[in-house]
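Have a look at the structure below, then the notes.
The values are calculated or read from the model by the stated rules, or taken from the named source; none is laboratory data. Remember, predicted model here, so these are calculated numbers, not experimental data. Using ideal geometry, Cβ is built from the backbone for each residue, glycine included, and neighbour counts are taken over all protein chains shown. For accessibility, only protein heavy atoms count, side chains too; no ligands or nucleic acids. Shrake-Rupley method; radii C 1.70, N 1.55, O 1.52, S 1.80 Å.
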Amino acid sequence: MSKPGGAERQSRTGTKRFISGVVEGFYGRPWTMEQRTELFQRQQKWGLNTYLYAPKDDYKHRMYWRDLYSAEEAEQLMALISAAKQHDVDFIYAISPGLDITFSNPKEVAALKRKLDQVRGFGCRSFSLLFDDIEAEMCPADRQAFSSFAHAQVAITNQVYQHLEEPETFLFCPTDYCAAFCTPSVSRSSYLQTVGETLLPGIDVLWTGPKVVSHKISVESIEEVSSVLKRAPVIWDNIHANDYDPQRLFLGPYKDRPTELIPKLRGVLTNPNCEFHPNFVAIHTLATWCKADGGQRDVEMAAGVEEQDASYSPQRALTLALTDWLQEFMSTDQPGGPRRPATRLKKASSDEEPMQTDVSEISYVPGPGENPLYTAEPLTTDDLKLLSDLFYLPYEHGATARTMLQELDWLRNHRPAGTAETDKTAEWRSRAQRFDDMCDAVVQMFNRLSNAPNRSILYDLYNYICDIKSGVGLARAHVKTLGGSGPPSTQLLEDDPEPWGFRGGLSGEFQRMLPGHGNRDLFRRPAMTSVYSIRPYCPEDTMEVQRIFREMQSGEGEAALMAQPPLISDSLSAGDVPPSPRCALVLEDEVGMCGYALALTNAKPAAAKIQRAVSEEFPSLVAVQVLPRVTDASPAKRMIGQLLSSIRSSGSRGVFCEVRQSDRKMLDFYSKLGSFKPVRTVGLPQDVLAMATSL
Ligand code: GDL
C-alpha cells in the first residue's frame, strides 16, 4: 500500500529507508497484544514502517530489565514479532536499563546481552537502548571507570550493538533527549558532543525536539542537533502523548513540524495517547505527513504559502483521518452488539412473527400509549470534528473550543446590568443563546458517541467525554444564571455542592493554591501590556470607587443583591463611610481606575450601624475590588500589602474582611494571599464568610 515518498522514502543521509511509525513509549498501562496487532495492520495500510516496543511500565522493559521472559511471555512476543513481519512493520525491541544498571560491571553488560539475545531468539532483528528519564548522576564505581555519563552509556551501547552484529536498525535514546535538557545549549552540550563523537555511526539517536513535548520543531533546530550528533536524529514525537495529565487527550492532527524536515531526519516515531483507540487521528495524520512533499512547509506554519496537493495541510489531514475514523466507530466490535446502531432491541412479544428464532433479529414495536423506542441519531463527521476540537493538541485548543472559551469570557465580562432591554442586553442574549447552542452540540455529540456500535473506541474515550460534558454543563448553567434565565447554578454556588461541582480532586486543589494557577491556560487573554500604578485615594475618587463597586455587584443580579444581607464593607465601598486616613489606595491602568483597597482601622462604629459585632482581635476592616480587565493578580496583591502595612502603622493588631460565599473571585483572592484565614464570627449572615489576619 505504501507510496514512494511514504514508508519507502529514502533518507538523504544514506541508503536506509525513512523510519516512520509509532513508539509505544508512554507511562501507564501498556497496549494489549491484540491492539498492537491491530496497529500493525493499520500501519501497513497507511504506509508506516516501524513500531518501537518501549512501554515504560512493562516490568521487563525497564524495572526488571535483567529478567528473561517466561515461556508464555516468549510465545506472545514471538507471535507479535511475526505479526509485525507479516504486515511489513519493523519491530524494534527497546530496553531501558538506566534505572539501576552499573555500567562498569561486566556482569551487568552480560545480563543486558543475555536479555537481548533472548529477544533475538524470538525473531527480532532491530533493537534500541533507552536512557531517558533516569538520574544523571553516576554511582561511585562508574565514576571511577568512565570520564562522563555519556561515555558510560555510549560504551555499553556500542558493545551491545556489536554483540548483536550491528543490526540494520539500532536506536539510542540519550538522557538529554531534547534541547531543554542540554546544558548550556545543544551546540555546547558536552553530553551530546560525546554521543556524537563516540557512538558508532550505524546507531541512530532519538530526539524529542526543543522540549519533551515540543510545540514546534524547526528545520534549524534539527540542523543544529544533527551537527552535534553527527547524524540525523529519529524524532520521538510526544505531540500526542497524554501520560502526564489524566484529563487530557489529543485528537488533533500532526502539526507544526514543517515537511521540509523529512529529508533532514532519519525518521519520526510518534509516542501517542495511552489509550489505544483514540490514536487513530494521531497515527493517520502522521502517515499523511510522511507522504507529503518534503520540500513544502506545513502550510499552516508558513503564511502566504499556496496549498498544493503534495503539501501537508493539518486541517485536510484531520478531515481525511476523521472520515476514516467514522467508519471504525460504526463497525460493531462485539458479538451481540446492535446491528442497527440507533435502535435498542427489546424482547419479542408472543404475537410477533412466529418463525423467527433469533431474538436479536426481532424489533420490538411499542403499542399505542407505550414508551416509544429510544433512538439516537448516528454519529457524524461533524461530531468527530467537534470531539477533536475539544481534545486538540497540547499547545492549542481546536477552533470550536477556542470560540466557546472566548464567548464564555465575553459573557462573563459583559453581563447585563439591569433588566431594561437595550442593544447591549440584546447582544448579550443573542451571544448567550449561541453559547448555549454550542454547549448543546457537545451534549448531542456525547449522546451519539455513547450510542456508537464500536464500544471499544467509546470506552477509551468515555472518561474524557464525560468530563467535558460536565464541564460544559456547568458553564452553560452559569451563563443561564448570569442572564437571569436560570436558577443560580447550584453546583457552582451552593455551600454543599455535589462532588461534580468541585472538580479536579486533591491535585486540582494544589493547583488552585499555586500563584501561577491559570497562567498557562491555552486560551490566552490579549497579551498583558498594561502598566499599573497604585496611589493614595482622595475624596474625588469616591464616584469612581462607587462605580467599580456597583459594576462588581451587578453580576449578582440586582434582585439577588437586594435580598442579601448587607456587609459592613458595603458602606465603605459605597462611600457612606469614609476610609480611615492613609488607609485607602486606588489602582489605575492606562484606561483609568480599575481597583481599590479601603480600610477602617476601627470597624466597630460601621458594624454597629448594621447590628454587627467586631472582635477585639481583629478590629480593622478591609474592602478590596478589582475589575475583571485586570487579569494579573499581582497589582491587587501589592495594593493590599501596602494597605495592611498602613493599618499596622495605625496601631491595629488585626484585620478582617467579609466575603460572600458566592463571590468565588474574592474568596480565591484572599485565600491565595495566604495570611487571611476564615474566622468564626458571631452574628454573621449565613452566606458571608469572615477572613482575618493578625498584623
Ligand atoms: C518523556 C518520556 C516518555 C513519556 C513522555 C511524555 C521520552 C523520550 N521519554 O519524557 O516515556 O511518555 O515524556 O510524558 O519522551
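Listing for the model above:
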read-out	value
Breaking point among (1) open to solvent by 50 Å² or more (accessible area, probe 1.4 Å); (2) under 18 Å from ALA282 (Cα atoms); (3) touching an Asp or Glu at 6+ places or on another chain (Cβ under 8 Å), for PRO30	(1)
Options THR157, THR183, THR198; residue that is in contact with a His (Cβ under 9 Å, 6 or more places away or on another chain) and not aliphatic (A, V, I, L, M)	THR198
Within segment 204-221, tally of residues that are surrounded by 21 or more Cβ atoms within 10 Å (Cβ to Cβ) and among the hydroxyl-bearing types (Ser, Thr, Tyr)	2
Neighbours by Cβ (under 8 Å, 6+ apart or cross-chain): first from segment 121-132, assigned by TED's automatic domain parsing to the domain that holds LEU164 and among the small types (Gly, Ala, Ser); second in a loop (DSSP other than H, G, I, E, B) and away from the ligand (no atom under 16 Å from the Cβ)	SER126/PRO167; SER126/GLU168; SER126/THR169
Residue list for segment 104-124, restricted to those being part of a loop (DSSP other than H, G, I, E, B) and within 37 Å of the chain's Cα centre (by Cα)	CYS124
Strands (runs of 3 or more DSSP E) contained in segment 607-688 and holding at least 1 residues touching a helix residue (DSSP H, G or I) at 6+ places or on another chain (Cβ under 8 Å)	620-626, 654-660
Qualifying positions in segment 95-119 - open to solvent by 60 Å² or more (accessible area, probe 1.4 Å) and touching a residue at least 40 places away in the same chain (Cβ under 8 Å)	ARG114
Leading residue by the ranking (nearest to the chain's Cα centre (by Cα)) among those in segment 149-178 that are among the acidic types (Asp, Glu) and either over 27 Å from ILE222 (Cβ atoms) or within 15 Å of the ligand (Cβ to nearest atom) (or both)	ASP176
Selection within segment 168-194 - open to solvent by 60 Å² or more (accessible area, probe 1.4 Å) and aromatic (Phe, Trp, Tyr)	PHE181
From the options PHE127, PHE131, PHE146, residue that is more than 16 Å from the ligand (Cβ to nearest atom) and under 35 Å from the mean Cα position of the chain (by Cα)	PHE127
Condition met for ALA74 (open to solvent by less than 60 Å² (accessible area, probe 1.4 Å) and part of a helix (DSSP H, G or I))	yes
Candidate set from segment 179-208 (those that are touching a residue at least 40 places away in the same chain (Cβ under 8 Å) and within 25 Å of the chain's Cα centre (by Cα)); member that is nearest to the ligand (Cβ to nearest atom)	LEU206
Hits in segment 370-411 (condition: modelled with pLDDT of 90 or more and over 30 Å from ASP324 (Cα atoms))	GLU370, ASN371, GLN406, GLU407, LEU408, ASP409, TRP410, LEU411
Long-range neighbours under 6 Å by Cβ, at least six apart or interchain, first residue within 13 Å of ARG664 (Cβ to Cβ) within segment 491-508, second modelled with pLDDT of 80 or more and open to solvent by 80 Å² or more (accessible area, probe 1.4 Å)	none
Where SER530 falls short, out of the listed (1) at pLDDT below 80; (2) within 25 Å of the chain's Cα centre (by Cα)	(2)
Whichever residue in segment 222-256 is within 25 Å of the chain's Cα centre (by Cα) and of a type in the set (Ser, Thr, Tyr) and, among such residues, is surrounded by the fewest Cβ atoms within 10 Å (Cβ to Cβ)	TYR244
Residue within segment 558-573 that is among the acidic types (Asp, Glu), more than 26 Å from TRP428 (Cα to Cα) and assigned to a helix (DSSP H, G or I) present	yes
Failed criterion for GLN247 (all others in (1) at pLDDT below 95; (2) more than 16 Å from the ligand (Cβ to nearest atom) hold)	(2)
Hits in segment 575-586 (condition: open to solvent by 30 Å² or more (accessible area, probe 1.4 Å) and at negative phi)	ASP576, PRO578, PRO581
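Conditions (1) over 19 Å from ARG17 (Cβ atoms); (2) open to solvent by 60 Å² or more (accessible area, probe 1.4 Å), marked per residue:
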{"site": "LEU48", "(1), (2)": "no, no"}
{"site": "TYR51", "(1), (2)": "no, no"}
{"site": "LYS60", "(1), (2)": "yes, no"}
{"site": "ARG66", "(1), (2)": "yes, yes"}
{"site": "SER70", "(1), (2)": "yes, no"}
{"site": "SER82", "(1), (2)": "yes, no"}
{"site": "VAL89", "(1), (2)": "no, no"}
